[in-house]
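Asker: Below you will find the structure I want to go over with you.
The values are calculated or read from the model by the stated rules, or taken from the named source; none is laboratory data. Remember, predicted model here, so these are calculated numbers, not experimental data. With ideal geometry, Cβ positions are generated from the backbone for all residues, glycine too; neighbour counts draw on all protein chains shown. For accessibility, only protein heavy atoms count, side chains too; no ligands or nucleic acids. Shrake-Rupley method; radii C 1.70, N 1.55, O 1.52, S 1.80 Å.
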Amino acid sequence: MLSIGQQAPVFEAMSTQGAVQLQDYLGSRPIVLIFYPKDETPICTKQLCSVRDSKALYAARDAVVLGINPGTLEEHRRFAEKHSYDFPLVSDTDDRIRQLYDVGKMFLLGQQRIVYVIGRDGRIAYARKGNRPTPEIISALEGTG
């Protein structure tokens, strides 16, 4: 897992909302990266539904939220449509983004569950494993300036 204060690695990838280039947001908006193991699993669904249901809280802080896992774009599209996710789900089928962000791999489940908040300065402001509660993430966003 990356450490607080480290420069956030940039990446480009396809998502449910088209191409995502992290560089487009660095320096201008805070970013929340949610690495989650797999689409359509109970905890992952609950985690991303919480983001969806807290849209106004993220928007009030001008935050960009991206869900990332190794699923295909088609799997992500079905998952996003079924649960009305209005934020991009990024396809990382080659594990490139996972490796850039030092997200561990778990037997059978795929990647670890980690939430990063990247400040407007492009540095990691928050890094925690697990299904983090929304108030904790929002609090981290408030500390990003």
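Asker: Residues in segment 1-24 that are within 18 Å of residue 91 (Cβ to Cβ) and assigned to a loop (DSSP other than H, G, I, E, B): how many?
Answerer: Residues flagged as within 18 Å of residue 91 (Cβ to Cβ) and assigned to a loop (DSSP other than H, G, I, E, B) within segment 1-24 amount to 5.
Asker: On to the next question. Within segment 20-35, how many residues turn out to be surrounded by fewer than 15 Cβ atoms within 10 Å (Cβ to Cβ) and within 19 Å of residue 101 (Cα to Cα)?
Answerer: 4
Asker: Let me ask another. Report, by residue number, each residue of segment 61-99 that is among the acidic types (Asp, Glu) and within 12 Å of the chain's Cα centre (by Cα).
Answerer: Across segment 61-99, the qualifying residue is only 92.
Asker: Here's another thing I want to ask about it. So residue 102 clears everything in (1) outside any helix (DSSP H, G or I); (2) without any contact (Cβ under 8 Å) to a residue 60 or more places away in the chain; (3) open to solvent by 20 Å² or more (accessible area, probe 1.4 Å); (4) over 20 Å from residue 29 (Cα atoms) except one condition, right? Which one?
Answerer: All conditions pass for residue 102, except number (2).
Asker: While we're here: Of all residues being open to solvent by 40 Å² or more (accessible area, probe 1.4 Å) and among the hydrophobic types (A, V, I, L, M, F, W, C) in segment 36-94, which is farthest from residue 113 (Cα to Cα)? Just the residue, please.
Answerer: 60
Asker: Look through segment 3-19, keep the residues that are of a type outside the set (A, V, I, L, M, F, W, C) and farther than 24 Å from residue 72 by Cβ, and return whichever of them is least open to solvent (accessible area, probe 1.4 Å). Give the derivation first.
Answerer: So the first thing to find is which residues in segment 3-19 are of a type outside the set (A, V, I, L, M, F, W, C), and the list is 3, 5-7, 9, 12, 15-18.
If we keep only those that are farther than 24 Å from residue 72 by Cβ as well, we get 3, 5-7.
On the way: 3: 64, 5: 39, 6: 75, 7: 95 Å².
So, considering only residues that are of a type outside the set (A, V, I, L, M, F, W, C) and farther than 24 Å from residue 72 by Cβ, the one least open to solvent (accessible area, probe 1.4 Å) is 5.
Asker: Let me ask something else about it. What tally of residues in segment 116-145 results from selecting those that are in a helix (DSSP H, G or I), in contact (Cβ under 8 Å) with a residue 24 or more places away in the chain and open to solvent by less than 50 Å² (accessible area, probe 1.4 Å)?
Answerer: Step one: filter segment 116-145 for residues in a helix (DSSP H, G or I), giving 134-142.
Restricting the remaining residues to those that are in contact (Cβ under 8 Å) with a residue 24 or more places away in the chain gives 134, 137-138, 141-142.
Retained after the next criterion (residues that are open to solvent by less than 50 Å² (accessible area, probe 1.4 Å)): 134, 137-138, 141.
Residues flagged as in a helix (DSSP H, G or I), in contact (Cβ under 8 Å) with a residue 24 or more places away in the chain and open to solvent by less than 50 Å² (accessible area, probe 1.4 Å) within segment 116-145 amount to 4.
Asker: Hey, among the residues in segment 43-67 that are touching a residue at least 40 places away in the same chain (Cβ under 8 Å) and not in a helix (DSSP H, G or I), which one's nearest to residue 28 (Cα to Cα)?
Answerer: Among those that are touching a residue at least 40 places away in the same chain (Cβ under 8 Å) and not in a helix (DSSP H, G or I), it is 63.
Asker: Given the criteria open to solvent by 20 Å² or more (accessible area, probe 1.4 Å) and at pLDDT 95 or above, does residue 113 qualify? Don't jump to the end; show me each part of the working.
Answerer: Working: open to solvent by 20 Å² or more (accessible area, probe 1.4 Å): yes; at pLDDT 95 or above: no.
Against the criterion (open to solvent by 20 Å² or more (accessible area, probe 1.4 Å) and at pLDDT 95 or above), residue 113 does not qualify.
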